[in-house]
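Here the structure comes first, spelled out in structure tokens, and everything after it is commentary.
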Amino acid sequence: MRTVAELEGFFEGPQPDVAPVNLADEYLRAGEEILENWLIAHDREPTQDKKEGFRILALQRQGSKGDPSFNACRETARELVYHYNLITLNPEHKETEQRLKMAEMVAKHLILFVGGKLQVAGLGEFCCSSKSLRLDNDELKKTIGAEHA
Amino acid sequence: MTTLFDKEDRKKKYKKVAYYPGCALEGTAQSYDKSTRAVGKALGLELVDVKNWNCCGAMEVKNIDPEIQTYLSSRVMSNAVNENKQDVVMAPCNGCYHNLKKAEYDISNKEKSKQVVEKISAKAGHKAYQEGEIETIHALDWIKFGFGEEELKEKIKGGLKGLKVANYYGCMYTRPRHIFPEKDQGGDSESTSKPHYMDDLLAIAGAENVEFPLKTACCGGAHTLSDSDMSTKLVLNILEAAEAAGAEVIATECPTCHSGLEMHQIRALKRLSKNTNVKVIYFTQLLGMAMGLSPRKVGLHANVSDSMKFVKQKGIA
């Protein structure tokens, strides 16, 4: 499994000159790896299961357990699967090059998003991943009542 | 609860609604406010500003205590019901829209939330919001159903002339799914995985919508303060993906996404030497210009990035 930095680096450089099906596979694999990174960082064993035939979807679902904000990348993972299917089911299609470009950018977004969430988690939960940071705050208890704090 | 079969009912209901601009539309997103009001006026839809409205709780309060955020949003809904006597409140900002929806859900489903709202409302001296008293809608619902798509065709003057548009909805318009029970119901309902209301309206206005796979992806708003470089990278990827999809414009319906896209577009050039040319324009601005309103009337000059020359070149203004 590549690190977050290695995965980011993969998308910074020129993409491998391989057959479309193999490149689509690379992107799907990169998506799986970033989700593996997320799960391992949260002390969880990444699942080998598949959902709807894809491990990436099972990993995304596993990553969301206990952290609903992680669902913000559900559609990105599904878009990656969608583009993978488009490319691999008909690699000779005239739009394959364009579909590969889109798959690349969707995979890159997933990596940036998850990588960013891992960094933010290190600073304290924020924004869409909001958690109550100060519920033990005495001032807050005085304001709304201890029973609600 | 709105069902699939009450288009006519919704048209009547949305004709005059309480308007909750929220803080962004009075600050960084004044052009969204201006264009929303201008389009509504041109379509004969009426907006009644929520009296004495307050912050929805946004991200900041939610981060400290989600129950207080629920209360703040409930107060806006309570004022719309009790002060304005309205049964629909329209919020063009995704953050406000999301928080009002979340408050409705929490008050309906969590006893603790209901108790907190009752308690603080009593302390503050106003009526506590009760579940189901008002329907919260987005500006997209308001135009699509309050005016009607067939009727909108008649209002288009110059149109968008095949302008290639990537419709970008951001993350809060559809998530989490459980606070939007009216979505994913088939028929005319909105989809949470592939939203299309903005696509529908701009297609009527003459746009050519491109296939854009990042329409609900994170804009990096969450990282803006803690990790600006990450925000810039996320935005740059959205801008480059839109350009790779063939878009000339990214249409937005969220002030946070919009300002993030505009500002990080500039930052990407300065910090990463990455230039993108795709324009970022609110859907209400595009719709207004398609209806013949001038760029100034829809506040195009108030956007951070300058699209004036572009819309003139395209013959839209």
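Condition first: more than 9 Å from every other protein chain (Cβ to nearest Cβ), of a type outside the set (S, T, N, Q) and farther than 20 Å from B:GLY40 by Cβ. Now tell me which residues in region B:61-76 satisfy that. Let's see the steps before the verdict.
From region B:61-76, those more than 9 Å from every other protein chain (Cβ to nearest Cβ) are B:61, B:70, B:72-76; that's our starting set.
Of the ones still in play, those that are also of a type outside the set (S, T, N, Q) are B:61, B:72, B:75-76.
Selection gives B:VAL61, B:LEU72, B:ARG75.
Can you find, within region B:160-197, the residue that is surrounded by the fewest Cβ atoms within 10 Å (Cβ to Cβ) among those that are within 13 Å of another protein chain (Cβ to nearest Cβ), closer than 21 Å to B:PHE212 by Cα and of a type in the set (A, V, I, L, M)?
B:MET172
Do any helices (runs of 4 or more DSSP H) lying entirely in region B:134-209 carry at least 2 residues that are in contact with a Phe, Trp or Tyr (Cβ under 7 Å, 6 or more places away or on another chain), and which ones are they? Walk me through how you get there before you give the answer.
Working: elements: B:139-146, B:149-155, B:197-204.
Fully inside region B:134-209 and qualifying: B:139-146, B:197-204.
Anything in region B:112-126 that is of a type outside the set (A, V, I, L, M) and closer than 21 Å to B:GLY22 by Cα? List them, or say none.
Filtering region B:112-126 for residues of a type outside the set (A, V, I, L, M) gives B:112-115, B:118-119, B:121, B:123, B:125-126.
Hits for region B:112-126 are B:SER121, B:HIS126.
Just a yes or no: is a residue in region A:50-68 within 11 Å of A:VAL114 (Cβ to Cβ) and at pLDDT below 95? Steps first, please.
Restricting attention to region A:50-68, the residues satisfying the condition of being within 11 Å of A:VAL114 (Cβ to Cβ) are A:59-60, A:63.
In the following step, the residues that additionally are at pLDDT below 95 were identified as A:63.
So far as region A:50-68 goes, yes, one or more of its residues are within 11 Å of A:VAL114 (Cβ to Cβ) and at pLDDT below 95.
For region A:95-113, indicate whether the set of residues that are more than 21 Å from B:ALA242 (Cβ to Cβ) and either acidic (Asp, Glu) or assigned to a loop (DSSP other than H, G, I, E, B) (or both) is non-empty. Write out each step before concluding.
Narrowing region A:95-113 to residues more than 21 Å from B:ALA242 (Cβ to Cβ): none.
No, the conditions are met nowhere in region A:95-113.
Could you go through region B:296-316 and let me know if any residue there is surrounded by fewer than 21 Cβ atoms within 10 Å (Cβ to Cβ), at positive phi and touching a residue at least 40 places away in the same chain (Cβ under 8 Å).
Checked against the condition, which is being surrounded by fewer than 21 Cβ atoms within 10 Å (Cβ to Cβ), at positive phi and touching a residue at least 40 places away in the same chain (Cβ under 8 Å), region B:296-316 yields at least one hit.
Wholly within region A:13-89, which helices (runs of 4 or more DSSP H) include no fewer than the required count, namely at least 2 residues that are touching a helix residue (DSSP H, G or I) at 6+ places or on another chain (Cβ under 9 Å), within 19 Å of B:LEU234 (Cβ to Cβ) and without any contact (Cβ under 8 Å) to a residue 24 or more places away in the chain?
Numbers: elements: A:20-41, A:55-64, A:74-89.
Passing ranges, in order: A:74-89.
Checking B:ASN275 against (1) under 27 Å from B:LYS41 (Cα atoms); (2) surrounded by fewer than 24 Cβ atoms within 10 Å (Cβ to Cβ), which test does it fail?
Among (1) under 27 Å from B:LYS41 (Cα atoms); (2) surrounded by fewer than 24 Cβ atoms within 10 Å (Cβ to Cβ), the lone unmet condition for B:ASN275 is (1).
Check region A:46-54 and report whether any residue there is touching a Phe, Trp or Tyr at 6+ places or on another chain (Cβ under 6 Å), of a type in the set (Gly, Ala, Ser) and surrounded by fewer than 19 Cβ atoms within 10 Å (Cβ to Cβ). Talk me through it step by step, then tell me what you get.
Going through region A:46-54, the residues touching a Phe, Trp or Tyr at 6+ places or on another chain (Cβ under 6 Å) turn out to be none.
Within region A:46-54, not a single residue is touching a Phe, Trp or Tyr at 6+ places or on another chain (Cβ under 6 Å), of a type in the set (Gly, Ala, Ser) and surrounded by fewer than 19 Cβ atoms within 10 Å (Cβ to Cβ).
Please give the strands (runs of 3 or more DSSP E) falling wholly within region B:16-108 in which 2 or more residues are surrounded by 20 or more Cβ atoms within 10 Å (Cβ to Cβ) and not β-branched (Val, Ile, Thr). First the steps, then the outcome.
Working: elements: B:16-19, B:46-49, B:88-90.
So the answer is B:16-19.
The values are calculated or read from the model by the stated rules, or taken from the named source; none is laboratory data. Model, not experiment: these values are computed from the prediction. Every residue, glycine as well, gets a Cβ built from its backbone with ideal geometry; the counts of neighbours run over all protein chains shown.
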